[in-house]
Amino acid sequence: MSESGRAEERRKTRETEVRVAFTPYGEGAFSGGTGLGFLDHMLAAFAQHGLFDLEVECAGDLHIDEHHSVEDTAITLGLAFAKATGDRAGIVRMGHAYVPMDEALVRAAVDLSGRPWLCWAVPVLRERVGDLPVELAEHFWHSFAQHAGVTLHVDCVRGRNQHHVLEATWKACARALAAALAPRARGAGVMSTKGVLGERAGGGA
């Protein structure tokens, strides 16, 4: 990885056109938009709490519904994350974070393993927050994990306010990812007994 690791990805389908630029070692700046105000709010929180620089441009078929824009933004972000983090040598690799927001508490744990997986235990307390269907939060993080090549566990420890629960989720994921990306104090190369990350390495790594 370079010092900044900036990467850009584009995705164009009949449903959306998305561009994402991602810098893992940034200043927490977010610019652009998806056409969904609440998702933009979450992406801004993600950038700030991970100290990532994030640019997102999404033109999607919102006249149909929000699904394609949310999914394709997450896919493109995941691809940009994977490109920016490269072989993931010289980093801690695993990270976790607890984020409280008023009555809500969310835990996220991540392994930049190259093996995509999502374990999700976040309640749907109401159908929508602003213009975002709450069920799409899980789909966002599933799409991100699949294309970023990360194992991600997200658990809502407690919470009654859906806005607080979702905002704590995006912040916890950001902080867990930032912790996993921290440079290792000792040792070179990839943090794996196999010497390589990813599904191509076989079983546990």
Q) Of all residues in segment 106-123, which are surrounded by 14 or more Cβ atoms within 10 Å (Cβ to Cβ) and either part of a loop (DSSP other than H, G, I, E, B) or touching a Gly at 6+ places or on another chain (Cβ under 6 Å) (or both)? A) Val110, Leu112, Ser113, Gly114, Arg115, Pro116, Val122
Q: Please determine, by comparing only the residues of segment 150-205 that are polar (S, T, N, Q) and more than 30 Å from Val129 (Cα to Cα), which one is modelled with the lowest pLDDT.
A: Thr193
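Here is a yes/no grid of residues against (1) under 20 Å from Val150 (Cβ atoms); (2) at pLDDT 95 or above; (3) of a type in the set (Val, Ile, Thr):
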{"site": "Gly33", "(1), (2), (3)": "no, yes, no"}
{"site": "Met42", "(1), (2), (3)": "yes, yes, no"}
{"site": "His49", "(1), (2), (3)": "yes, yes, no"}
{"site": "Thr76", "(1), (2), (3)": "yes, yes, yes"}
Q: Scan segment 81-95 for residues that are of a type in the set (Lys, Arg) and assigned to a loop (DSSP other than H, G, I, E, B) and jot them down.
A: Arg88, Arg93
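Listed here are the residues, each with its yes/no results for (1) outside any strand (DSSP E or B); (2) more than 17 Å from the chain's Cα centre (by Cα).
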{"site": "Gly5", "(1), (2)": "yes, no"}
{"site": "Glu8", "(1), (2)": "no, no"}
{"site": "Ala47", "(1), (2)": "yes, no"}
{"site": "Asp65", "(1), (2)": "yes, yes"}
{"site": "Val70", "(1), (2)": "yes, no"}
{"site": "Leu79", "(1), (2)": "yes, no"}
{"site": "Ala97", "(1), (2)": "no, no"}
{"site": "Pro100", "(1), (2)": "no, yes"}
Q. So how many residues does segment 39-94 have that are in contact with a Ser or Thr (Cβ under 7 Å, 6 or more places away or on another chain), among the aliphatic types (A, V, I, L, M) and farther than 19 Å from Ala21 by Cβ?
A. 1
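The values are calculated or read from the model by the stated rules, or taken from the named source; none is laboratory data. For clarity, every value in this text was computed on a predicted model and none was experimentally measured. Counting neighbours? That spans all protein chains shown, and the Cβs are built from the backbone with ideal geometry, glycine included.
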